[in-house]
């Protein structure tokens, strides 16, 4: 997991995988924060290596969000406007999948596990979190009350993260 914001992006980008830095560059240089809701192909044939989903989401209590992970894509969860609670913990052998959509949508949802120590992050506008396939995460949680957020989720194919 990487947590940062646009204010520190230039200072930190050399520490991250190049594909993650390119993903943030796409958000900033293509002004994806101003784009309409939808999918935007960024790299590869039909965007299969990297694409952006511009979303408008209403947050809900974090307990109502199902923990999820991905197998092929890493997420950059970039908050354009609003605020969001995002929690995560590491994928482990005891994680119980309740809805496996890895084959069709590269996502699986997990049973909540009170024994897991979830780390919570409070995202504000201009902040982002990078969730790797080893990070079970719960996005779109409300902080105090439900709010409408605009966010961009960049999906980075694992082939772009191979060294």
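Does segment 1-40 come out rounded, prolate or oblate by the C-alpha gyration tensor, with a ≥ b ≥ c the root eigenvalues, rounded set by a/c under 1.5 and, if not, prolate when a/b is larger than b/c and oblate if not?
Prolate, since a/c reaches 1.5 and a/b exceeds b/c.
What nm distance separates the two modelled labels at residue 36 and residue 105, each placed 7 Å from Cα along Cα→Cβ?
2.3 nm
Checking the a/c ratio against 1.5 first, then a/b against b/c, what shape does the Cα gyration tensor give for segment 1-68?
Oblate, because a/c is 1.5 or more while a/b does not exceed b/c.
Under the definition of Cα pairs under 8 Å and six or more residues apart, what whole-number percent is the relative contact order of segment 2-161?
38 percent
Each label point is 7 Å from the Cα along the Cα-to-Cβ direction; what then is the distance between the points at residue 112 and residue 92, in nm?
1.8 nm
Each label point is 7 Å from the Cα along the Cα-to-Cβ direction; what then is the distance between the points at residue 45 and residue 64, in nm?
Label-label distance for residue 45 and residue 64, simple model: 4.2 nm.
Which peptide among 65-75, 36-46, 136-146 comes first, and what is the full order, when sorted by highest mean count of other Cβ atoms within 10 Å?
65-75, 136-146, 36-46
State, in angstrom, two size descriptors of the chain derived from its alpha carbons: Rg to one decimal place and Dmax to the nearest whole number.
Here Rg and the maximum Cα pair distance are 15.1, 42 Å.
Bear in mind these aren't lab numbers, they're just calculated from the coordinates by the rules spelled out. Nothing here was measured: the structure is a model prediction, and the numbers come from that model. As a convention, Cβ positions derive from the backbone with ideal geometry for all residues, glycine included, and neighbour counts pool all protein chains shown.
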